[in-house]
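Computed from the coordinates by the stated procedures, all read-outs in this text should not be read as laboratory data. Being a predicted model, the structure only gives us computed values, none of them experimental. Counting neighbours? That spans all protein chains shown, and the Cβs are built from the backbone with ideal geometry, glycine included.
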Amino acid sequence: MKRAGPARPRHRKGARDLAARALILGLLGRLRNGAVIVREGNRRHLCGRPVPGETVPEVVVVSPKVWRAVASDGSAGLGRAWISGWWTCATLDELTTFLRVVMRNLDSIEKPGAFGKRMRLSAVRALTRPGDRSGEAEIERRNIGSHFDLGNEFFALFLDKTMTYSSAIFPSPSTSLEDAQLEKLDRICRKLNLSPANHVVEIGAGWGSFAVHAASRYGCKVTATTISDRQHELASSRVKEAGLEDLVTVLHSDYRELSGSYDCLVSIEMVEALDSHQYDRYFRTCSELLKPGGLMALQSIVVDDRLFESAKRTEDFVKRYVLPGSCIPSVGAILDSVARSSDLRLVALDDIGHHCAETFRRWKQAFVAHGAEMDALGVSEMSQRLFEFYFSYCEAAFAERRLGDVQCILAKPAWRAAGLYRPTS
């Protein structure tokens, strides 16, 4: 009699897996622009409507655990299931195509009507329990570690020689990643009209690519700051190797600890790491660091204004497993915060989101090409699968315009327009 007790939870668990499977396949059946094939054992399900000229991606269910993971946690659950090996695709390009199809159809998937929405929410509550994300079903953040804990050697395997970890700008499809990153850095310098007379402060120095580029090409002074131990170490080393110690200072401190008065301020894809409640403090600090006629160059990943309020409350895959505590702003959220907290005003904005999709595609290709080196560095299979999903997820999001990327120029009141660089493409 005692041996029969544990069988009941297992039975209920199996029933919930089956119910979650029916729910997810039902949602995939709502695909209208594109199709996917779901293969589970000998069964293949065609979901959606194929688009002429687009390959229909096939996903393979390895474990029924995937169904409840997705039903309970959406994209975070989908990513967790990929990292755990509960589902797979033949190639990462096929994974990207699958994610693109899903993202392209999110509106039809997520808006089945009020009655259907209530049924789906009730089903999710019934299919999940507090214990569902414990033990082996949960990939806890401590098992994945901080985004940069894998070390400089790891990032060097898929980044280009500039070690720039933000969207590049590709003048043509044949442009190399390195040249595209240099083009991005140079556009920022030209937009700010940098010269040896300028002193620039950079918030979020990364591995020092902008500081080295601006100082070596334009002769300006740069004070850059980062809170990452590993990034500070390498950025300082690169400055020394380039013989730029008289022009570039790399600080290991938080942006709120900065002081002084600067001609220009640069922040490249750093604001996304902040919680939305920190935006006002951030832009107020940026404004206070600039001289009365100063300029700020901000490059930021963004979401659509209409999605911002929902997105900031949602813990998606990136928030949970890549950049905990982050919040991708919208252009409107940026401008609202700037207006509330500073005297800065927008004077130029360029959309570079399509370049970001290509940047993630290039990183993904390089990552795959260096699998053996990843193993030699001791990077776990789980960490490798995390980055596989991360690159594919972001490439799909930018390609389908669920995410964008912008370069903004913000000006202090005394700045006047003479000399502002405007790109031709």
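For Val222, what residues show an amide H to amide H distance below 5 Å, using hydrogens built from the backbone and excluding near sequence neighbours?
Under 5 Å from the amide H of Val222: Val200, Val248, Thr249.
With the cut-off at 21 Å, tell me which of the pairs Lys161/Lys364; Lys240/Lys291; Lys184/Lys364; Lys191/Lys412; Lys161/Lys191; Lys184/Lys221 have Cα atoms farther apart than that. Before the final figure, lay out each step's value.
Numbers: Lys161/Lys364 16 Å; Lys240/Lys291 28 Å; Lys184/Lys364 19 Å; Lys191/Lys412 15 Å; Lys161/Lys191 24 Å; Lys184/Lys221 19 Å.
Going by Cα-Cα distance, Lys240/Lys291; Lys161/Lys191 fall outside the 21 Å limit.
Using alpha carbon coordinates only, what is the Rg to Rh ratio of the chain, with Rh defined as the Kirkwood radius?
Details: Rg = 23.5 Å, Rh = 23.3 Å.
Result: Rg/Rh = 1.01.
With θ set to phi - 60°, apply the Karplus curve 6.51 cos²θ - 1.76 cosθ + 1.60 along segment 334-348 and write out the HN-Hα couplings as whole Hz, x wherever there is a Gly or Pro.
4, 5, 4, 5, 4, 5, 5, 10, 8, 9, 6, 9, 5, 10, 7
Taking only Cα atoms, what is the 0 to 90° angle, nearest 10, from helix 353-369's long axis to the longest principal axis of the chain?
Once rounded, the angle reads 70 degrees.
Using a simple charge model, +1 on the beta-carbon of Lys and Arg, -1 on the beta-carbon of Asp and Glu, nothing else, what dipole does the chain show about its Cα centre, in debye to the nearest 20?
That gives the chain a dipole magnitude of about 2380 debye.
Can you give the direction-averaged projected area of the convex hull of the alpha-carbon atoms in segment 298-425, in nm²?
10.2
If you filter segment 326-425 for trypsin sites (Lys or Arg not before Pro), then keep DSSP loop positions with at most 16 other Cβ within 10 Å, what is left?
Arg401, Arg416
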